[in-house]
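Each remark here refers to the structure printed beneath this line.
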Amino acid sequence: MSIEAKQPYEKEYVEKFSAEHNEPEWMTGFRKQALESASTLEMPKPDKTNISKWNFTKFNLEAETQGLDSLKDLPDDIKVFVDTEKDDKNLVILRNQINAYETLSTELVDKGVIFTDMFTALKQYPELVQKYYMKDAVSFDEHRLTAMHAALMNGGVFVYVPKNVVVEEPLQAIFWQENPEFALFNHVIVVAEENSSLTYVENYISFNKDEETVANLVTEVIAHDNASISFGSVDNFAHGTTVYMNRRGIAYRDAKIEWALGQMNDGNTVSENVTHLIGDNSFSYAKAVSVGRGDQSQNFTAKIINYGKQSNGLILQHGVMKDSASAIFNGIGKIEHGGTKANAEQESRVLMLSKDARGDANPILLIDEDDVTAGHAASVGRVDPVQLYYLMSRGISQQEAERLIIHGFLAPVVNAIPIAAVKEQLTEVIERKVY
Amino acid sequence: MAGSTLEIKDLHVEIEGQEILKGVNLTIKGGEFHAIMGPNGTGKSTLASAIMGHPKYEVTSGSILLDGEDVLEMEVDERAKAGLFLAMQYPSEITGVTTSDFLRSSINAHREKGDEIPLMKFIKEMDSAMDYLEIDKNMAQRYLNAGFSGGEKKRNEILQLMMLKPEIGILDEIDSGLDIDALKVVAKGINKLRNENFGCLIITHYQRLLDYITPDFVHVMMQGRVVKSGGAELVERLEAEGYDWIKQELGIEEETVGNNA
Ligand SMILES: Nc1ncnc2c1ncn2[C@@H]1O[C@H](COP(=O)(O)OP(=O)(O)OP(=O)(O)O)[C@@H](O)[C@H]1O
Ligand SMILES: [Mg+2]
């Protein structure tokens with residue numbers, strides 16, 4: 001089925017889709033409710049980026065897909081993200097949103113850890129999913145795109161770590177949009193119960209340079225009291241995919257959420273990463289890097305809202321812009337009334353590699369409490385000629401010197417990516433995008 | 001004759017439209033150690049920067065030749081590959097790039113493509129140079145000069161000098177900010193390179209460095225020129241008497257560049 005018109009998401013389609021996946025009743029109802037809202041809700045309005053001409057309506061919801069017998073059958077471009085040497089992997093691969101590969105170590109299974117695709121989770125743990133699905137983090141009716149997401153969700157993963165369980169090995173999900181026009185309405189839920197901890201890394205990847213489609217993605221990350229979540233990603237959609245990415249975190253008392261996001265899409269992208277520091281003494285460090293190239297336009301928002309006393313929210317955004325790409329980097333720290341002794345800091349830096357590129361760094365502090373600390377720094381600039389001179393004075397060519405400086409500029413986030421293979425891939429993606 | 005020869009002839013250099021060097025003449029041959037002294041603001045760093053090709057300094061006339069090759073025609077990296085090295089008065093800080101990665105890139109830049117230094121060999125060489133300079137091994141994994149103390153930066157410059165083994169080394173105030181032990185270590189590193197193939201230009205304010213590294217020639221800069229040259233004995237006289245006697249000898253009132261109209 002190809003969808004082009006404005007009101008294409010017939011109720012029948014949603015009902016049929018939901019039935020085919022044997023979804024619980026609440027889910028079917030939820031989809032239908034969201035579908036209804038989608039037609040009346042407004043599109044989101046990201047600050048300073050006009051998305052009215054972006055493609056959010058032309059996409060395909062059906063694709064022929066095979067499973068995956070072995071990781072060896074993965075194309076090389078995807079294989080590189082997987083540490084194939086390691087036996088004890090915790091890995092889920094969705095191929096056109098179909099669960100094509102899934103492994104979780106027996107040790108983790110025994111401890112009650114859940115790591116599976118969303119449809120399986122809906123079948124096996126319907127109540128658990130319902131408890132978190134678009135409840136406290138993202139609401140379906142925020143705007144038309146969240147509503148469309150809720151109506152058309154066609155895959156994702158569900159991660160659940162029970163109380164007191166410490167997951168040492170990272171969990172990795174790969175979302176592979178193989179069909180060039182296939183749309184991803186991917187939904188990720190990561191829940192860490194009290195005193196638990198985990199590391200989760202996801203990769204989005206597609207190769208559709210010219211064929212157009214949409215990725216409408218929602219991620220909800222919940223860290224209960226004293227839990228700790230380290231969340232890494234490499235977003236790597238090709239030029240043809242228009243991306244709406246919404247990653248949201250909720251941290252309760254003494255909880256910790258650390259984000260390391262490699263935002264490397266080649267198409268137009270709106271990406272927001274918002275963390276609510278609900279609990280006292282909760283902590284979040286949101287790190288993101290991006291490279292803009294070609295004619296793409298992107299809007300990145302990193303926002304942390306401090307509710308809890310002594311909560312601490314840190315934002316670091318580094319972007320490199322080349323060709324005629326443009327991007328807005330909003331770094332927003334908000335301290336709510338009652339968040340005494342909270343701390344909010346943002347740093348947004350943009351490195352411009354061409355005169356036609358555009359980059360805007362907007363650090364914003366909104367503070368409704370007296371007894372707090374906060375700070376921000378922003379800069380938009382070119383490669384420092386004196387740094388270049390220093391490197392070149394040792395014989396390093398200009399191109400290599402620029403390469404070192406750019407990698408150095410992006411290093412704080414790249415180095416925070418928790419899986420070695422993914423970190424290497426991010427470095428390579430950066431290399432590819434910059435040169 | 002061994003080593004390379006760097007010839008500076010009637011060099012005039014401007015920075016942001018203001019002439020700083022007003023006709024510098026100097027020749028450094030392989031095996032020779034030259035010292036340049038002179039009050040603050042007389043153009044010593046300007047000379048060093050112009051030789052290396054700092055983007056802010058514009059050579060308006062004169063020439064710099066390395067073994068007869070026109071240095072001014074070369075890009076900065078080509079100058080380095082031709083055999084020039086400048087230990088900078090204020091080295092840049094580059095976060096995100098480790099000292100070790102930078103050193104390896106520098107060494108490989110001096111080698112042919114496909115003939116990169118094997119990693120183990122590199123690490124061995126770096127370790128032994130770091131030992132020689134009594135540098136904490138952690139520095140290799142720290143970001144280049146970022147948060148380094150003044151003394152650490154200077155040692156790092158000498159580490160690069162030792163590993164790159166240039167034909168001509170120019171050391172701009174390599175001794176400033178060093179405690180006495182660090183000074184000895186740095187001098188030891190420089191002296192290790194001393195041989196008939198290595199020419200060196202040492203810019204300094206103090207005799208104490210030259211107590212460890214005896215120069216063959218000593219030059220004094222004022223007003224953007226070399227106004228006096230001599231042997232090692234000149235250092236002692238400057239240390240004892242300062243610069244006034246030279247100014248009197250030459251009828252100079254204000255030695256800095258801007259005030260000599
Ligand atoms: N951007 C600039 N614009 C104008 N004048 C400058 C600029 N940069 C440097 N100068 C001037 O050039 C002159 C020479 O500076 P230089 O750094 O070469 O001195 P120096 O002899 O190395 O001094 P020091 O011993 O203090 O290191 C100084 O008077 C300095 O103020
Ligand atoms: Mg100087």
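The values are calculated or read from the model by the stated rules, or taken from the named source; none is laboratory data. Note that the coordinates shown come from a computational prediction; the quantities given were computed from them, not determined experimentally. So basically every Cβ, Gly included, is an ideal-geometry build from the backbone, and we count neighbours across all protein chains shown. Side chains included, ligands, DNA and RNA excluded: accessible areas come from the protein's heavy atoms. Shrake-Rupley method; radii C 1.70, N 1.55, O 1.52, S 1.80 Å.
Listed values, structure above:
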quantity	calculated
Where a residue in region A:215-231 is more than 9 Å from A:Ile257 (Cβ to Cβ) and its partner, wherever it lies, is surrounded by 24 or more Cβ atoms within 10 Å (Cβ to Cβ) and of a type in the set (D, E, K, R), with Cβ under 7 Å and at least six apart	A:Thr219/A:Arg247
Residue within region A:47-55 that is outside any loop (DSSP other than H, G, I, E, B) and either within 29 Å of A:Glu178 (Cβ to Cβ) or among the hydroxyl-bearing types (Ser, Thr, Tyr) (or both) present	no
Output for region B:8-25, where each listed residue is in contact (Cβ under 8 Å) with a residue 60 or more places away in the chain and either more than 16 Å from ligand 2 (Cβ to nearest atom) or surrounded by fewer than 17 Cβ atoms within 10 Å (Cβ to Cβ) (or both)	B:Gln18, B:Glu19, B:Lys22, B:Gly23, B:Asn25
Test for A:Gly262: is it crowded, with 22+ Cβ neighbours inside 10 Å and over 17 Å from A:Val372 (Cβ atoms)	yes
Matching option when the condition is within 14 Å of another protein chain (Cβ to nearest Cβ), within 16 Å of ligand 2 (Cβ to nearest atom) and touching a strand residue (DSSP E or B) at 6+ places or on another chain (Cβ under 9 Å), among B:Lys44, B:Lys56	B:Lys56
Options B:Gly242, B:Gly224, B:Gly177, B:Gly189; residue that is within 16 Å of ligand 1 (Cβ to nearest atom), more than 16 Å from B:Ala48 (Cα to Cα) and under 18 Å from the mean Cα position of the chain (by Cα)	B:Gly177
Selected residue (only one of B:Lys137, B:Lys81, B:Lys113 is open to solvent by 70 Å² or more (accessible area, probe 1.4 Å) and more than 14 Å from every other protein chain (Cβ to nearest Cβ))	B:Lys137
Subset of region B:60-91 (residues that are within 21 Å of A:Asp384 (Cα to Cα) and within 16 Å of ligand 1 (Cβ to nearest atom))	B:Leu86, B:Ala87, B:Met88, B:Gln89, B:Tyr90, B:Pro91
Region B:34-54: number of residues that are under 15 Å from B:Pro91 (Cα atoms) and either part of a strand (DSSP E or B) or out of contact with any Phe, Trp or Tyr (no Cβ under 9 Å at 6 or more places or on another chain) (or both)	1
Count - residues of region A:283-322 that are outside any strand (DSSP E or B), among the hydroxyl-bearing types (Ser, Thr, Tyr) and open to solvent by 30 Å² or more (accessible area, probe 1.4 Å)	1
Filter result (under 23 Å from the mean Cα position of the chain (by Cα), open to solvent by less than 50 Å² (accessible area, probe 1.4 Å) and more than 17 Å from A:Asn312 (Cα to Cα)) within region A:346-367	A:Ser348, A:Val350, A:Leu351, A:Gly359, A:Ala361, A:Asn362
Residue pairs meeting the criteria (Cβ under 8 Å; at least 6 apart or on separate chains; first facing chain B (nearest Cβ under 7 Å), in region A:390-407; second in a loop (DSSP other than H, G, I, E, B) and open to solvent by less than 10 Å² (accessible area, probe 1.4 Å))	A:Leu404/A:Ile396
From the options A:Arg358, A:Arg349, residue that is within 14 Å of chain B (Cβ to nearest Cβ) and in contact with a strand residue (DSSP E or B) (Cβ under 6 Å, 6 or more places away or on another chain)	A:Arg349
Which numbered condition B:Met162 misses (of (1) touching a residue at least 40 places away in the same chain (Cβ under 8 Å); (2) within 15 Å of the chain's Cα centre (by Cα))	(1)
